[in-house]
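Take a look at the structure below.
The values are calculated or read from the model by the stated rules, or taken from the named source; none is laboratory data. Just so you know, these numbers come straight off a predicted model, no measurement behind them. Here the Cβ positions follow ideal geometry from the backbone for every residue, glycine too, while neighbour counts run over all protein chains shown. The area values use the complete protein model at the heavy-atom level, side chains included, leaving out ligands, DNA and RNA. Shrake-Rupley method; radii C 1.70, N 1.55, O 1.52, S 1.80 Å.
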Amino acid sequence: MSLLVVGLSHRSAPVSVLERAALSADAQVKLLQDTVAAEPATEAAVLATCNRIELYADVDKFHAGVAELSTLLAQHSGVGLEELTPYLYVHYEDRAVHHLFSVACGLDSMVVGEGQILGQIKDSLARAQDLHSAGRLLNDLFQQALRVGKRAHSETGIDRAGQSLVTFGLEQLARGGDVQQWARGKKALVIGAGSMSSLAAATLARAGVAEIVVANRTLDRAERLAQILMEGDDTDVAARAVPMESVPAELTRADVTVSCTGATGLVLTAESVAEAVEGRTPAPAAGSGGDGPGAPGGEPGPTAGAQRGGASGTSLGTEDGCPLELSAVQGTAGFSVLGEAAVAGMAAADLEQHAAWVDNGTAGGDRRAAGGTARQVQTGTLDPAADTDAIAALAATVATVGRIPERRRPEPVEEPQRPEPVLFLLDLAMPRDIDAAVHRLAGVRLVDIESLAEASAGAPMAADVDQVRRIVSDEVAAFGAALRAAHITPTVVALRTMAADVVAGEIARLDGRLPGLDDKHRAEITQTVRRVVDKLLHAPTVRVKQLAAEPGGAGYADALRTLFDLDPETVAAVSRAEDSTTEKDRGPA
């Protein structure tokens, strides 16, 4: 076996690179054709999803195969090889099998355990079969991957470890709340009518949306999807189909929009979304944002003046016993006469004086209440206990540090209050369908592949994942053993064929020496000789198959050919005959 996979996924590359490297259907076909035409590869299959691009091949040379497959991926993705190379991963032989089986089980998915990848693997195999780029190795590999994935979902609770990308995206739109409660009564617009869009539409229908509008470049596909949604037994949703030209108008009516098309450019620009929500969002409350008094970028209001010890009536410089040089630090961002920013760089003696001053100030809070400090203005409290603890902790390290390093508190940033979303957008396309600038629009909430990757990065691994990993390990070992055993089978068949030819030749010589031998005795002699040969060959051939199935057993086929002086072309002919038979007997993917 010389299985090689070169690829990139959401685990190895940022979404921006995956987006640019995405392969269209035509590009995948051309990539397969060019791969099998390349010298190191004899078989090829492409697995391209919204968050991975992988090229599988049967190669005769590892290093040459890696170089060729990497170059082909770069050429057909449109991303330069130098830029693409840092994000590529390579798996070879058993590691390549382990990788595909893990992918099939959903262990390598953005949402662990999602089952959509099985359909994508099936499509990948069907494409390779149609183009005759998948031979015996890749056919067996992908067929087995589908069986392993189905086994993982049926024998474990891996489905509980994660959901489909659609379900996870809708949960993110609902901010982790109950999706059915969030979706109930909403009007949905689904852009695209492919497998992912169809799944999104079905999920929205089950969640309880009131209406689904399906838009697609091919209207009859949108109409078929709308009809399926209307005829569903487990839903009661109104559905209709519209052409893509109607999307801007439908967007003004929609509460939630899901887009997943194969377009190479943006389907929804920031401008079109802004126009769709114009007039649907309430104006910001007074004082909640903008450049008014007290806001970032505006003129300092009373609060800012108090922080800077201006003419607002707060005089920080009159703090009795305070060891700080207030004129040097009171304009510092996040400044507090009690806080860590104030004592940055202070010597030990001054630090002790400051701590004593804070303690005295705590006891005599009435003295400082009249003047007020910046921290009092910020927090509305006179209790400096937290700052006292921080200063005490700093004092404990002064013996080794000498002077206190600056540990400045960040200046509080007043975020403008955003209105509640009136339009929820879920972009499941790669490359993206919806302009990322939509994130900045008021009244709009966008969840895309990039934000889904961030949200799922820290998801806890369920115990079922460990069980699936054991299944994958067992299946990889079984697949490798079967493949190695199958590798020696043509040699064993060639050996037995040679033995049969020897028996036939000796019987023919016997006929020449004993021309009067009757048919009964000739048959008995022939059967006896064949039994002797079979018994002599039985134990060695059974044992060599067992040994060949073990790791490192590939060399037994070579040893058998050498020991019995078998013709390599005879062995190759047996292999070709077996491949031809397998091709005829192979069912649909």
Scan the stretch 173-221 for residues that are in contact (Cβ under 8 Å) with a residue 60 or more places away in the chain and under 24 Å from residue 263 (Cβ atoms) and report the count.
13
Restricting to the stretch 175-190, what's the tally of residues that are in a loop (DSSP other than H, G, I, E, B), on the phi < 0 side of the Ramachandran plot and basic (Lys, Arg)?
2
Boolean, residue 193 is part of a helix (DSSP H, G or I) and of a type in the set (Gly, Ala, Ser)
no
Only one of these is open to solvent by 50 Å² or more (accessible area, probe 1.4 Å) and closer than 27 Å to residue 158 by Cβ: 108, 94. Name it.
94
So, in the stretch 490-518, how many residues would count as being in contact with a Ser or Thr (Cβ under 8 Å, 6 or more places away or on another chain), open to solvent by 30 Å² or more (accessible area, probe 1.4 Å) and not polar (S, T, N, Q)?
2
Among residues of the stretch 31-77 being among the hydroxyl-bearing types (Ser, Thr, Tyr) and part of a helix (DSSP H, G or I), the residue nearest to residue 195 (Cα to Cα) is 77
If I go through the stretch 523-556 residue by residue, how many of them are of a type in the set (Lys, Arg), modelled with pLDDT of 85 or more and surrounded by 10 or more Cβ atoms within 10 Å (Cβ to Cβ)?
2
Please tell me if residue 115 is under 15 Å from the mean Cα position of the chain (by Cα) and open to solvent by 30 Å² or more (accessible area, probe 1.4 Å).
yes
Consider the stretch 225-256. How many of its residues are over 31 Å from the mean Cα position of the chain (by Cα), under 21 Å from residue 444 (Cα atoms) and assigned to a loop (DSSP other than H, G, I, E, B)?
2
If you check 215, 222, which single one turns out to be assigned to a helix (DSSP H, G or I) and under 24 Å from residue 25 (Cβ atoms)?
222
When residue 487 is evaluated against the numbered criteria (1) exposed (fewer than 14 other Cβ atoms within 10 Å of the Cβ); (2) at pLDDT below 80, which criterion, by number, is the only one it fails?
(1)
Specify the residue that is surrounded by the most Cβ atoms within 10 Å (Cβ to Cβ); the eligible residues are those in the stretch 80-91 that are of a type outside the set (A, V, I, L, M, F, W, C) and assigned to a helix (DSSP H, G or I).
87
Would you check if residue 191 is crowded, with 16+ Cβ neighbours inside 10 Å and closer than 16 Å to residue 433 by Cβ?
yes
